[in-house]
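J.: One structure, pasted below without further comment.
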Amino acid sequence: MNNLSILLPMIALAAWTFIILLIIPYRRFRGIFRGDVTADDFRLGESADVPAEISLPNRNYMSLLELPLLFYVVVLAQYVTQTDTSVTVGFCWSYVGLRVLHSLVHLTYNHVLHRFIVFALSNVVLLIIWALFSASVFAM
C-alpha cells in the first residue's frame, strides 16, 4: 500500500473543517448586517438571541473537532506503524464522506433523524477503523 494514501482522507477532513470555519464569520457578519444580531451577541460565545441559521455553523465546527480527533489519531497511527491497507483507506474515505454529509444535513435542512443516522454511521465506521488498526497492531 502507498503509505501516503492513508493521509489523504485526513487532509480532506481537515480541509472540510476549515471550510466550515470560514462559514462561521460569513453567517455572523451577514446576520449583523441584516440586523438579526449585534456584535454583543458574541461577546461570550453566542447568546440565546442568536438565530439558529447563524449559530449552526459554529456548532457544526465544534462537532468536527470532537470525535474526528480519534480519526486523526488512528490515521496517524496507521501511517507511523505502516498498518494501513486499501480496506482501511476505504473506510477512512467513508468516514470523511459521512462527516461531510452530516455537515451538509446540519447546515441545510437539518432534519434531526437524518442527521442522527449519518452521525451514527460515521461513528460505526470510526469504530471499525479503530478495530482494524487494533487487530493489525496485535497481529504484529
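J.: Conditions first: (1) touching a residue at least 60 places away in the same chain (Cβ under 8 Å); (2) within 17 Å of the chain's Cα centre (by Cα). Residue 79 passes all but one, so which condition is the exception?
T.: Tallying (1) touching a residue at least 60 places away in the same chain (Cβ under 8 Å); (2) within 17 Å of the chain's Cα centre (by Cα), residue 79 fails exactly one: (2).
J.: Another question about this same structure. Would you check if residue 83 is closer than 15 Å to residue 7 by Cα, hydroxyl-bearing (Ser, Thr, Tyr) and outside any helix (DSSP H, G or I)?
T.: yes
J.: If you don't mind, there's one more thing I want to ask. Taking the stretch 92-114 only, how many residues are buried (at least 18 other Cβ atoms within 10 Å of the Cβ) and over 13 Å from the mean Cα position of the chain (by Cα)?
T.: Result for the stretch 92-114: 0.
J.: So which of 66, 53 ends up being out of contact with any helix residue (DSSP H, G or I) (no Cβ under 8 Å at 6 or more places or on another chain), surrounded by fewer than 16 Cβ atoms within 10 Å (Cβ to Cβ) and charged (D, E, K, R)? Break it down stepwise before answering.
T.: Numbers: 53 fails: out of contact with any helix residue (DSSP H, G or I) (no Cβ under 8 Å at 6 or more places or on another chain).
Being out of contact with any helix residue (DSSP H, G or I) (no Cβ under 8 Å at 6 or more places or on another chain), surrounded by fewer than 16 Cβ atoms within 10 Å (Cβ to Cβ) and charged (D, E, K, R) holds for just one of 66, 53, which is 66.
J.: Sort through 104, 70, 132 and tell me the only one that's touching a residue at least 12 places away in the same chain (Cβ under 8 Å) and either under 16 Å from residue 13 (Cβ atoms) or not in a helix (DSSP H, G or I) (or both).
T.: Within the list 104, 70, 132, the selection yields 70.
J.: Suppose we filter 30, 34, 43, 59 for residues that are surrounded by fewer than 16 Cβ atoms within 10 Å (Cβ to Cβ), in contact (Cβ under 8 Å) with a residue 40 or more places away in the chain, over 22 Å from residue 8 (Cα atoms) and of a type outside the set (Asp, Glu); which single one remains?
T.: 59
Read-outs throughout are calculated quantities, based only on the coordinates presented, and are distinct from any laboratory measurement. Given the structure is predicted, the values throughout are model-derived calculations rather than measurements. Glycine also receives a Cβ, built like all others from the backbone with ideal geometry; neighbour counts cover every protein chain displayed.
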